[in-house]
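Notes to accompany the following structure.
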Amino acid sequence: MSRMATLSTLCIILIISPLRLQAAALYDGLIGTTARRYQLEPALVKAVIRCESNFDALAVSSKGAQGLMQLMPATQVTLGITDAFDPLQNIDAGVRYLATLQRLFGLDRSLMLAAYNAGPQA
């Protein structure tokens, strides 16, 4: 890689990283309120969002999962989402789903998170 390309890449990283931190901070209040409503730790919800979408409210995965918490269309219907890209709806539904999985799998957080990512049957 040329020196110019390396500098360009570094500049992009330096610009994008703070923007992602700002996006994460933007949702802090919503994450905290919603997590407490469903008796989950805000840090857990924030970690799921970081892993799933890196705080990109418009994210769409190659499998079709959408929004901050990367909910599949079938899951969205079940949870009553009308706009998967609305952070309020997406976070509320995603946290409700996590809370359901926590009740299903108890204290085994690994199973809960695996089920969130791959579906409870998996």
The lone condition GLN70 fails out of (1) open to solvent by 50 Å² or more (accessible area, probe 1.4 Å); (2) of a type outside the set (Val, Ile, Thr); (3) within 14 Å of GLY119 (Cα to Cα) is (1)
Whether any residue in the range 74-94 is at pLDDT 95 or above, open to solvent by 30 Å² or more (accessible area, probe 1.4 Å) and of a type in the set (Ser, Thr, Tyr) is what I want to check.
yes
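The values are calculated or read from the model by the stated rules, or taken from the named source; none is laboratory data. This is a predicted model, so every value here is computed, not measured. With ligands, DNA and RNA removed, areas are computed over all heavy atoms of the protein, side chains included. Shrake-Rupley method; radii C 1.70, N 1.55, O 1.52, S 1.80 Å.
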